[in-house]
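Contents: one structure, followed by commentary.
The values are calculated or read from the model by the stated rules, or taken from the named source; none is laboratory data. Remember, it's a predicted structure, so these values are computed and weren't measured experimentally. Note: ideal-geometry Cβ built from the backbone for every residue, glycine included; neighbour counts use all protein chains shown. Quick note on the areas: whole protein, heavy atoms, side chains included, nothing else; ligands and nucleic acids left out. Shrake-Rupley method; radii C 1.70, N 1.55, O 1.52, S 1.80 Å.
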Amino acid sequence: MQADGRGTIALGKPWAAEELTGASDWFQRMAATTQIVTSPEALRLLTERGRTRRVRNAASRRLHTRTS
């Protein structure tokens with residue numbers, strides 16, 4: 001877990017959008033492509049405001065897989 005609170009997203013605890021959108025490319029990619037982050041709100045945010053196209057696409061795929 002990171003000292004700035006981004007690890008709380010993975011733990012299901014309260015988090016702020018800025019923590020996720022301000023996270024590194026690596027963190028966003030891991031959040032979008034692994035089962036560590038399951039929050040639909042976090043995935044939606046990454047779909048809309050992820051730093052890279054790879055992150056946005058991966059988050060979109062996971063979000064649609066969850067709802068299918």
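Quick rundown of the values:
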quantity	calculated
Whole-number accessible area per residue in Å² for the stretch 17-57, which is evaluated in the context of all protein chains at 1.4 Å	59 Å²
Neighbourhood net charge (14 Å Cβ-Cβ; Lys/Arg +1, Asp/Glu -1) for Glu41	+2
